[in-house]
Amino acid sequence: MKASDLFVRALEAEGVKYIFGIPGEENLDLLESLRTSSIRLILTRHEQAAGFMAATYGRLTGNVGVCLSTLGPGATNLVTAAAYAQLGAMPMLMITGQKPIKSSKQGRFQVIDAVDMMQPITKHTVQVVSGDRVPSIVREAFRLAHEERPGAVHIELPEDIAAEQTDVPLLAASAVRRPIAEYKSIDAAVGMIEQARSPVLLIGAGANRKLTAKMLREFVDKTDIPFITTQMGKGVLDEKHHRFMGNTALSDGDFVHRVIGAADLIINIGHDVVEKPPFFMRATDKRQVMHINFETAAVDPVYFPQLEVVGDIANSIWQIKEKISVQDDWSFDFFSRAHDAYLTHRAEAEADMRFPMLPERLVRVVRDVLPPEGIVTLDNGVYKIWFARNFPAAHPNTLLLDNALATMGAGLPSAMAAKLVHPDRPVIAVVGDGGFMMNSQELETAVRLKLHLVVVILRDDAYGMIKWKQAQMQFPDYGLDYGNPDFVQYAESYGARGWRVADSAELEPLLTRCLGEPAVHVIDVPVDYSLNDETLHRTIPALSRAL
């Protein structure tokens, strides 16, 4: 058979259901092999969007998402998506084409060293130089993409190799179990928690796994120890739980940071250095930090935990839960007061009906219209802070935000992938006008796929996140304003349905209607960020200090 047929058979053996991307002439043998396979090709309008969709597929399923491009410009267009998956720990395979490597009549036309280009932003990158190597190369790529810490891998399949004849068999996947923490570290962890007076759990990106979430629920149910989340740890535990103390959306000065400051033991679960530090350690601190993760801690001047429990996180939590005894002298009264103050302040802002809308009000409306299992995908902008801080996520991976690469342009493609993975769940993409326009062409893809999707565009006609930082640094307002198309007409030109909100009271019934009517809906919502600097840098820190 052709090597391209064998390649596709290897993908099928790995359980691949979708390939997202844009083929080129160097991929035509592979495209023909896909035509008769069980794998569905999702043709996108830009390779970057295909990469974002593949990465999000990997994030949601735990399986490797696959995307495809041609050589040269197609491969370079995948670079941002590669970094997005690699920093965000999302298992993803990129397949790129290449000119024939044994003989070529076109010189260096469109040829770049894509394998070398991908080296610093992937776990593994390789060129297929023989059809006989296909089974081992594909198996190794999937193994590396999937194992902890998950990430991006890349295979370059040259045109002449894809057309080669080969008769080698596929390789069976090996059965692999993650190592577990040894009993001495578990005993030390139990002792450290039992001796603490005010311990707190801090749940990070590495804990965002189904089994880990289950074990953490059992741990909190038994011990009643409060918990905090990082942005990418949101939803691991239900954030309406009475022991949820908040999200570290801001760097400091929030109510949640008072909780962190009052804790004498931080049990840091799934800490990932790609996220900004949720707290800072000092050599003079009296509090202790416990690191529970798949890997040892990456020590730096602000993070040097006193105890590391290394191994499968879910198993470590289960072992600790089984051995720990609830202590009568644990004290969480201050934690609860800080959280009550946060809820009071949040409710005041959520009730503000001014128009254009405050982001706090918008977050509340989105939460109110969605069931607990509904999914929100965010692009990158200042509204991400408000969703991380104010949106109570009930389940893992129901608020998809990126606090690793934090790239713009991923919100809409991520929502499309989420809808393919979970067709029976409502999905809302919340995007800024800047991020939306970076991949807005994928509206055509969403319409063609007949997805039921709601896209909420927060329009401020500027790069609002940078404006906020500009104001924070007391620089003049300069260089960050732009114009926008008529988003209603723009959506309709793609075959989507376009809507515009003219009053804050209109958003909730409109979202409810759009969630009930299958179509791609695009809603233009003017948003007011003018209070961001005052609220985030002065009001909230002042209220939290007053506790």
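The values are calculated or read from the model by the stated rules, or taken from the named source; none is laboratory data. None of the values given here were measured: they were computed from a predicted structure. When we count neighbours, we look across all protein chains shown, and the Cβ atoms used for this are built from the backbone with ideal geometry, even at glycine.
The rows are residues; the columns are (1) more than 24 Å from the chain's Cα centre (by Cα); (2) crowded, with 21+ Cβ neighbours inside 10 Å.
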{"residue": "CYS67", "(1), (2)": "no, yes"}
{"residue": "LEU71", "(1), (2)": "yes, yes"}
{"residue": "LEU78", "(1), (2)": "no, yes"}
{"residue": "ALA81", "(1), (2)": "no, yes"}
{"residue": "ALA85", "(1), (2)": "no, yes"}
{"residue": "MET92", "(1), (2)": "no, yes"}
{"residue": "PRO100", "(1), (2)": "yes, no"}
{"residue": "VAL115", "(1), (2)": "yes, no"}
{"residue": "ILE121", "(1), (2)": "no, yes"}
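Could you say which residue among ASN397, ASN390, ASN380 is of a type outside the set (Gly, Ala, Ser) and farther than 19 Å from GLU239 by Cα?
Details: ASN397 fails: farther than 19 Å from GLU239 by Cα; ASN390 fails: farther than 19 Å from GLU239 by Cα.
Just one listed residue meets the conditions, ASN380.
Taken over segment 378-391, the residue count meeting the criterion of being part of a loop (DSSP other than H, G, I, E, B), at pLDDT 95 or above and under 19 Å from THR535 (Cβ atoms) is 1.
Of all residues in segment 37-65, how many are hydrophobic (A, V, I, L, M, F, W, C) and either in the same structural domain as GLN441 (by TED's automatic domain parsing) or under 20 Å from the mean Cα position of the chain (by Cα) (or both)? Before you say what the answer is, go through the steps one by one.
Applying the first criterion (hydrophobic (A, V, I, L, M, F, W, C)) to segment 37-65 yields 39, 41-43, 49-50, 52-55, 60, 64.
Remaining after also requiring either in the same structural domain as GLN441 (by TED's automatic domain parsing) or under 20 Å from the mean Cα position of the chain (by Cα) (or both): 49-50, 52-55, 60, 64.
Within segment 37-65, residues that are hydrophobic (A, V, I, L, M, F, W, C) and either in the same structural domain as GLN441 (by TED's automatic domain parsing) or under 20 Å from the mean Cα position of the chain (by Cα) (or both) number 8.
Can you go through HIS241, HIS291 and tell me which one is out of contact with any Phe, Trp or Tyr (no Cβ under 7 Å at 6 or more places or on another chain), touching a residue at least 12 places away in the same chain (Cβ under 8 Å) and surrounded by 17 or more Cβ atoms within 10 Å (Cβ to Cβ)?
Working: HIS241 fails: surrounded by 17 or more Cβ atoms within 10 Å (Cβ to Cβ).
From the options HIS241, HIS291, the qualifying one is HIS291.
Kindly indicate whether any position in segment 417-433 is free of Cβ contacts under 8 Å to residues at least 60 places away in the same chain and under 30 Å from ARG243 (Cβ atoms). Outline the logic, then answer.
Within segment 417-433, the first condition is being free of Cβ contacts under 8 Å to residues at least 60 places away in the same chain, and the residues that meet it are 419, 423-425, 427, 429, 431-433.
Within this subset, residues satisfying the condition of being under 30 Å from ARG243 (Cβ atoms) are 425, 427.
Yes; the residues of segment 417-433 include at least one that is free of Cβ contacts under 8 Å to residues at least 60 places away in the same chain and under 30 Å from ARG243 (Cβ atoms).
Here is a yes/no grid of residues against (1) touching a residue at least 40 places away in the same chain (Cβ under 8 Å); (2) among the β-branched types (Val, Ile, Thr); (3) surrounded by fewer than 16 Cβ atoms within 10 Å (Cβ to Cβ):
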| site | (1), (2), (3) |
| --- | --- |
| PHE335 | yes, no, no |
| ASP340 | no, no, yes |
| THR344 | no, yes, yes |
| MET357 | yes, no, no |
| VAL363 | no, yes, no |
| VAL376 | yes, yes, no |
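Can you work out which of the residues in segment 161-192 that are charged (D, E, K, R) and touching a helix residue (DSSP H, G or I) at 6+ places or on another chain (Cβ under 9 Å) is surrounded by the most Cβ atoms within 10 Å (Cβ to Cβ)? Show your work before the answer.
Filtering segment 161-192 for residues charged (D, E, K, R) gives 164, 167, 177-178, 182, 184, 187.
Those left that are additionally touching a helix residue (DSSP H, G or I) at 6+ places or on another chain (Cβ under 9 Å): 164, 167, 178, 187.
On the way: GLU164: 19, ASP167: 8, ARG178: 12, ASP187: 13.
So the residue we want is GLU164.
For segment 500-527, the set of residues classified as in a loop (DSSP other than H, G, I, E, B) and either among the small types (Gly, Ala, Ser) or touching a helix residue (DSSP H, G or I) at 6+ places or on another chain (Cβ under 8 Å) (or both) consists of VAL501, ALA502, ALA519, listed by residue number.
Just give me the residues in segment 429-439 being surrounded by fewer than 24 Cβ atoms within 10 Å (Cβ to Cβ) and closer than 21 Å to GLU517 by Cβ, in sequence order. Once the filter is applied, which keeps residues that are surrounded by fewer than 24 Cβ atoms within 10 Å (Cβ to Cβ) and closer than 21 Å to GLU517 by Cβ, segment 429-439 yields nothing. Inspect segment 184-202 for any residue being within 17 Å of the chain's Cα centre (by Cα) and closer than 25 Å to VAL299 by Cβ and give the result as yes or no. Checked segment 184-202: no residue is within 17 Å of the chain's Cα centre (by Cα) and closer than 25 Å to VAL299 by Cβ.
Here is a check on your reading of the model: is VAL299 within 22 Å of MET245 (Cβ to Cβ) and out of contact with any His (no Cβ under 6 Å at 6 or more places or on another chain)? First the steps, then the outcome.
Numbers: within 22 Å of MET245 (Cβ to Cβ): no; out of contact with any His (no Cβ under 6 Å at 6 or more places or on another chain): yes.
Spelling it out, it is not the case that VAL299 is within 22 Å of MET245 (Cβ to Cβ) and out of contact with any His (no Cβ under 6 Å at 6 or more places or on another chain).
Scanning segment 244-256 for residues that are under 23 Å from ILE375 (Cα atoms) and surrounded by 23 or more Cβ atoms within 10 Å (Cβ to Cβ) gives MET245, GLY246, ASN247, THR248, ALA249. Consider THR344 carefully, then state whether it is under 30 Å from PRO541 (Cα atoms) and of a type in the set (S, T, N, Q). For THR344, the condition - under 30 Å from PRO541 (Cα atoms) and of a type in the set (S, T, N, Q) - is met.
With the structure loaded, tell me whether LYS384 is in the same structural domain as ARG497 (by TED's automatic domain parsing), basic (Lys, Arg) and within 29 Å of HIS339 (Cβ to Cβ) or whether it fails that test. In short, yes.
Which members of segment 479-499 meet the condition of being in a helix (DSSP H, G or I) and either over 19 Å from PRO426 (Cβ atoms) or not assigned by TED's automatic domain parsing to the domain that holds MET437 (or both)?
We begin by selecting, within segment 479-499, every residue in a helix (DSSP H, G or I); these are 487-493.
Listed by number, the residues that qualify are PHE487, VAL488, GLN489, TYR490, GLU492, SER493.
Scanning segment 260-286 for residues that are closer than 25 Å to TRP318 by Cα and in contact with a Pro (Cβ under 9 Å, 6 or more places away or on another chain) turns up ILE260, ALA263, ASP264, LEU265, ILE266, ILE267, ASN268, HIS271. Of the helices (runs of 4 or more DSSP H) lying entirely inside segment 110-189, not one contains at least 2 residues that are touching a strand residue (DSSP E or B) at 6+ places or on another chain (Cβ under 9 Å) and within 30 Å of LYS323 (Cα to Cα).
Scanning segment 414-444 for residues that are in contact with a strand residue (DSSP E or B) (Cβ under 7 Å, 6 or more places away or on another chain), charged (D, E, K, R) and part of a loop (DSSP other than H, G, I, E, B) yields one hit, ARG425.
Working only within segment 443-465, note down all residues that are under 23 Å from VAL365 (Cα atoms) and basic (Lys, Arg). The one that is under 23 Å from VAL365 (Cα atoms) and basic (Lys, Arg): ARG459.
Out of the residues in segment 445-477 meeting the condition of being of a type in the set (Phe, Trp, Tyr) and assigned to a loop (DSSP other than H, G, I, E, B), tell me which one is nearest to VAL525 (Cα to Cα).
To start, the set of residues in segment 445-477 that are of a type in the set (Phe, Trp, Tyr) comprises 463, 468, 475.
Subset that is assigned to a loop (DSSP other than H, G, I, E, B): 463, 475.
On the way: TYR463: 15, PHE475: 27 Å.
Checking each candidate, the answer is TYR463.
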